[in-house]
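The values are calculated or read from the model by the stated rules, or taken from the named source; none is laboratory data. Everything numeric here is computed off the predicted structure, so don't read it as measured data. Cβ sites come from the backbone with ideal geometry, for glycine too, and all protein chains shown count toward neighbours. Protein only, heavy atoms only, side chains kept; ligands, DNA and RNA dropped before computing areas. Shrake-Rupley method; radii C 1.70, N 1.55, O 1.52, S 1.80 Å.
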Amino acid sequence: MRRPMVAGNWKMHGTRASVAELINGLRHLALPSDVDIAVFPPCLYINQVIDGLEGKSISVGAQNSAVEAMQGALTGEIAPSQLVDAGCSLVLVGHSERRQIIGECDGTLNRKFAAAQACGLIPVLCIGETLEQREAGKTLEVVGRQLGSIIEELGVGAFARAVIAYEPVWAIGTGLTASPQQAQDVHAAIRAQLAAENSEIAQGVRLLYGGSVKAANAVELFGMPDIDGGLIGGASLNADEFGAICRAAGN
């Protein structure tokens, strides 16, 4: 049985004061014991969040890491080994904002994924299609290519220690959400693609849905057979709303 997971991606939000307020809110939440919960603050605030959540069963991850596993001459980047040293256990790889705005390609993301795993971090691989691609009927082709790039480069075994988040680009921060059935169809296709390589890994990997998830729609989304939780954006900046989503995953 796959254990549900809810992860909050804070993106490029926060000041020391607002992060302290959010930590305080998270500390007072009643959280389900049968759900893995994680937050991904901006790198500047990782230490503040790890210290502030000490004793609370919330993991802390980073939103990005370097293509090289160990520290070295790579100005402006943060090595996965440094994130581990800081206390992180997870890292996002390939979020659509980094693919679309920063221009990260599959080859770069393969290296980031491998470097993260080499240091013991769990990569959360983000995949998803744009509205234009969905309207052209290319959703499964796009998602399959993004997933297939990692499988081809690193082997399906890499997903024994990873999480996959399906985030349709058209639903991120727009207020639009894939219907539970639309999301389920893509999640089922992702699991089938993995199963074609290794059925045991396919059954074990957790698939999260992301894209305007709120407490109001979480129960229905998380009720789908292949959706194991969510990668939450804007709603994760509100502790009470995030807590409600976490409880929805535990139902």
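Residues of the stretch 76-121 being over 28 Å from Thr174 (Cα atoms) and among the β-branched types (Val, Ile, Thr), which ones?
Hits for the stretch 76-121 are Ile78, Val84.
Of all residues in the stretch 68-87, which are farther than 20 Å from Val19 by Cβ and buried (at least 19 other Cβ atoms within 10 Å of the Cβ)?
Passing the criteria: Ala69, Ala79, Pro80, Ser81.
Return the residues of the stretch 42-66 that are assigned to a loop (DSSP other than H, G, I, E, B) and in contact with a Leu (Cβ under 8 Å, 6 or more places away or on another chain); say none if nothing qualifies.
Within the stretch 42-66, Leu53, Lys56, Ser57, Ile58, Gln63, Asn64, Ser65, Ala66 meet the criteria.
Looking at this structure, is Thr139 crowded, with 21+ Cβ neighbours inside 10 Å and on the phi < 0 side of the Ramachandran plot?
Yes, satisfied.
Check Met224 against each of (1) in contact with a helix residue (DSSP H, G or I) (Cβ under 6 Å, 6 or more places away or on another chain); (2) within 21 Å of Glu141 (Cα to Cα) and name the one condition it does not meet.
(2)
State whether one or more residues within the stretch 53-74 are within 20 Å of Lys11 (Cα to Cα) and of a type in the set (D, E, K, R).
Within the stretch 53-74 (the criterion being within 20 Å of Lys11 (Cα to Cα) and of a type in the set (D, E, K, R)), the answer is no, since none of the residues qualifies.
Identify the residue in the stretch 67-90 that is assigned to a helix (DSSP H, G or I) and free of Cβ contacts under 8 Å to residues at least 24 places away in the same chain and, among all such residues, is farthest from Ala115 (Cα to Cα).
This residue is Asp85.
Among the residues in the stretch 51-60, are any open to solvent by less than 40 Å² (accessible area, probe 1.4 Å) and touching a residue at least 40 places away in the same chain (Cβ under 8 Å)?
Filtering the stretch 51-60 for residues open to solvent by less than 40 Å² (accessible area, probe 1.4 Å) gives 52-53, 58, 60.
Next cut, touching a residue at least 40 places away in the same chain (Cβ under 8 Å) only: none.
Looking for residues that are open to solvent by less than 40 Å² (accessible area, probe 1.4 Å) and touching a residue at least 40 places away in the same chain (Cβ under 8 Å), one finds none in the stretch 51-60, hence no.
Between a residue in the stretch 96-122 that is within 17 Å of Leu147 (Cα to Cα) and any residue that is hydroxyl-bearing (Ser, Thr, Tyr) and assigned to a helix (DSSP H, G or I), which pairs come within a Cβ distance under 7 Å, given they are 6 or more apart or on different chains?
The qualifying pairs are Asp106/Ser149; Asn110/Ser149.
Looking at the stretch 134-142, is at least one residue over 24 Å from Phe113 (Cα atoms), assigned to a helix (DSSP H, G or I) and in contact (Cβ under 8 Å) with a residue 24 or more places away in the chain?
Checked against the condition, which is being over 24 Å from Phe113 (Cα atoms), assigned to a helix (DSSP H, G or I) and in contact (Cβ under 8 Å) with a residue 24 or more places away in the chain, the stretch 134-142 yields at least one hit.
Looking at this structure, is Glu104 assigned to a helix (DSSP H, G or I) and under 29 Å from Ile227 (Cβ atoms)?
no
Write out, first by first residue and then by second, each pair whose Cβ atoms fall under 7 Å of each other, whose residues are 6+ apart or on separate chains, and whose first residue, in the stretch 24-35, is under 17 Å from Leu237 (Cα atoms) and open to solvent by 30 Å² or more (accessible area, probe 1.4 Å) while the second is of a type outside the set (S, T, N, Q) and not in a loop (DSSP other than H, G, I, E, B).
Once the first residue is under 17 Å from Leu237 (Cα atoms) and open to solvent by 30 Å² or more (accessible area, probe 1.4 Å) and sits in the stretch 24-35, its partners that are of a type outside the set (S, T, N, Q) and not in a loop (DSSP other than H, G, I, E, B) give Leu31/Ile37; Leu31/Gly243; Leu31/Cys246.
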